[in-house]
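These notes are about the structure you will find just below.
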Amino acid sequence: LPARFEPKGVQEAKRRVCMVLLIDRTNSMHGQPNLLAKQSAVELVKQLAPEDLVGVFAFDVIPRVVVEVQPAGGVQAWLIDKLLQLKASGGTDIYPALEVSEQRLQQTGASVKHILLISDGDTQFYEDPYPRLYQALTQRLKESQISISTFGINARGVNAAFLRWLASETSGTFYPVEHRLLPQLIARDTQKTLGQLPF
């Protein structure tokens with residue numbers, strides 16, 4: 001009979017947690033916000049057990065893979081090198097990044113599925129067809145028990161209304177961030193999410 005092999009870490013993570021971090025890499029995130037977002041990715045991985053699944057994606061108008069979803073234990077050694085290659089540029093469209101995150105999370109079958117979004121929220125939302133697309137997306141996420149926590153960061157202002165709505169629609173948390181506190185808030189939200197794991 002055909003045999004199917006899965007690494008032990010992935011099998012365990014399916015009963016545990018999968019976290020996807022989305023980093024806004026657009027021009028508005030240039031400088032300190034971009035640096036702190038990278039530090040937050042390192043902090044996220046440090047909070048996870050080796051068998052927990054984690055993925056990191058950066059986005060402007062399209063999402064780009066920084067770390068494909070995989071057990072966290074295999075990520076730490078080279079994560080910083082990947083993050084150093086991440087430069088701020090381009091405009092913002094959050095929807096495709098959320099859609100990619102949804103697809104990845106659905107494939108894992110993890111018990112707890114969570115998205116952490118670092119952005120100023122400056123994206124298309126009110127223009128057609130975006131309201132309809134976001135409503136459908138958040139409904140699918142709720143049905144799949146996928147939550148989003150949003151971290152609003154930008155010295156020039158944050159679209160707090162959008163980021164707060166996105167978090168509340170999926171039972172996540174909105175954090176209006178003072179720049180230097182971003183890594184600590186990422187760690188706090190991660191621990192809060194890990195607290196949902198079944199014993």
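For residues in the range 138-157 being surrounded by 21 or more Cβ atoms within 10 Å (Cβ to Cβ) and among the β-branched types (V, I, T), which is farthest from T92 (Cα to Cα)? The extreme case among them is I146.
Considering only the range 117-130, I want to know if a residue exists there that is on the phi < 0 side of the Ramachandran plot, of a type in the set (G, A, S) and either free of Cβ contacts under 8 Å to residues at least 12 places away in the same chain or not in a strand (DSSP E or B) (or both). No: zero hits.
K113 falls short of the stated requirement of being charged (D, E, K, R), assigned to a helix (DSSP H, G or I), open to solvent by 10 Å² or more (accessible area, probe 1.4 Å) and touching a Ser or Thr at 6+ places or on another chain (Cβ under 8 Å). For the range 71-110, the set of residues classified as open to solvent by less than 10 Å² (accessible area, probe 1.4 Å) and farther than 15 Å from F57 by Cβ consists of A72, A110, listed by residue number. Total residues in the range 120-146 satisfying the condition of being at pLDDT 95 or above and in contact with a helix residue (DSSP H, G or I) (Cβ under 9 Å, 6 or more places away or on another chain): the figure is 11. Against the condition over 16 Å from A187 (Cβ atoms) and open to solvent by less than 10 Å² (accessible area, probe 1.4 Å), how does G55 come out, does it pass? Considered against the rule, which asks whether it is over 16 Å from A187 (Cβ atoms) and open to solvent by less than 10 Å² (accessible area, probe 1.4 Å), G55 comes out as yes. The set of residues in the range 1-33 being open to solvent by less than 30 Å² (accessible area, probe 1.4 Å) and modelled with pLDDT of 85 or more consists of V17, C18, M19, V20, L21, L22, I23, D24, T26.
Among the numbered conditions (1) touching a His at 6+ places or on another chain (Cβ under 9 Å); (2) free of Cβ contacts under 8 Å to residues at least 12 places away in the same chain; (3) of a type outside the set (A, V, I, L, M), the only one that W165 does not meet is (1). If you check L105, L79, L137, L83 for being over 23 Å from L36 (Cβ atoms) and without any contact (Cβ under 8 Å) to a residue 60 or more places away in the chain, only one passes: L137. Scanning the range 153-171 for residues that are modelled with pLDDT of 95 or more and within 21 Å of T190 (Cα to Cα) turns up L163, R164, W165, L166, A167, S168, E169, T170, S171. The single condition among (1) assigned to a loop (DSSP other than H, G, I, E, B); (2) open to solvent by 40 Å² or more (accessible area, probe 1.4 Å) that Q135 does not meet is (1). From the list F174, F151, F162, the one residue that fits, being touching a strand residue (DSSP E or B) at 6+ places or on another chain (Cβ under 6 Å) and more than 23 Å from D52 (Cβ to Cβ), is F174.
The values are calculated or read from the model by the stated rules, or taken from the named source; none is laboratory data. Everything numeric here is computed off the predicted structure, so don't read it as measured data. Positions of Cβ are backbone-derived with ideal geometry, glycine not excepted, and every protein chain shown enters the neighbour counts. For the accessible areas, the whole protein counts, side chains as well, though only heavy atoms, and no ligand, DNA or RNA atoms are used. Shrake-Rupley method; radii C 1.70, N 1.55, O 1.52, S 1.80 Å.
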